[in-house]
Amino acid sequence: MIIDTHCHLISEKYGDLNQLREDSLALGVGHCVTQGTSAYDWEPQLALAARMPDFVSSCLAAHPSEVHAVSDEQLAHMEELCRRHPQAAIGETGLDYFWEAPEGWSDEAFRARQRMFLERHFALAEELGLNISLHTRDKVGLASFEDAFAIARNFPKVRPVFHCFIGDGAQAERIFCELDGLISFTGILTFNKSEHVQAVATWCPADRFMVETDAPFLSPAPHRGKVNIPGRTKFVVDKIAELRGVTSEEIAACTTANAKRFFRLPEGL
Ligand SMILES: [Zn+2]
């Protein structure tokens, strides 16, 4: 059984989530962790996880690209929801310095608000004994990575996963050694010109990586460009198995064990 550790199931791109579940089970993906992004998806996610507990676990947070749209009151409400409803982790949070700030915001003010949210999300994770799903993205350089790294260092009890990892070996080593963190691979691994991230997937210690789709985005080859579903984590698993010269079953087994531990999922899943 494969676990998709990062997707967004509350999306206008999806119609029938029962069908998505059936299609994903048919590809060997038995569970997925859906990540919150903004106030509109928090309560629907909780309802979905309650409706399909065997297939969906929920994480709530404000995505860094959404912090201008989430008020301080809504942030406090999200924290209350996490205290009242079981969560697999806090996510998706992080820092995104790739996109320009929204209208009416300076880059400086927008990034400062992203860092404030990230610190609040780390503090909540620490309070609730949860781990955290992190997004970092830069146009040039590593500023968002370094800034998120510096914040993570202040919360040694919270383990981060750097989701959709596309960094190099040196960054991966720092995540493992200095933060006791993990990385997770998406369908980007199956694209042409992803040799440097394929290299990391080849040597990465077996207890340090997980697999994900980031669905509905980043559909892997041979379905690139289509609306993605959790089931296609299978293609990420197959690619890692090919790179490491082992069976897909072995990669499914170690990534599922890592996901169960990281997200504190029930053993019986
Ligand atoms: Zn995401």
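The values are calculated or read from the model by the stated rules, or taken from the named source; none is laboratory data. From a predicted model like this one, the values you see are computed outputs, not experimental measurements. Neighbour counts are summed over all protein chains in view; Cβ atoms, including those assigned to glycine, are modelled from backbone coordinates with ideal geometry. Note: accessible area is taken over every heavy atom of the protein model, side chains too, but ligands, DNA and RNA are not part of it. Shrake-Rupley method; radii C 1.70, N 1.55, O 1.52, S 1.80 Å.
Look at the alpha carbon pairs under 8 Å that are at least 6 residues apart: their mean separation over the length of the chain gives a relative contact order of 20 percent.
At the residue level, Lys226 shows approximately 110 square angstrom of accessible surface with a 1.4 angstrom probe and all protein chains present. Only lysine pairs 8 or more places apart or on separate chains count here, and in the chain those with Cα atoms under 18 Å apart total 6. Taking label points 7 Å from Cα along the Cα-to-Cβ direction, Ala47 and Arg264 give a separation of 2.6 nm. Note on the chain: the C-alpha convex hull projects to 13.2 nm² when averaged across all orientations. Protein heavy-atom accessible surface, 1.4 Å probe, per residue over the chain: 43 Å². Rolling a 1.4 angstrom probe over the stretch 17-163 with all protein chains present gives an accessible area of which 51% lies on carbon and sulfur atoms.
The separation of the stretch 80-99 from the stretch 203-269, counted between C-alpha centres, amounts to 21 Å. The Cβ shell under 15 Å around Thr93 holds other residues with a net charge of -4, Lys and Arg each +1, Asp and Glu each -1.
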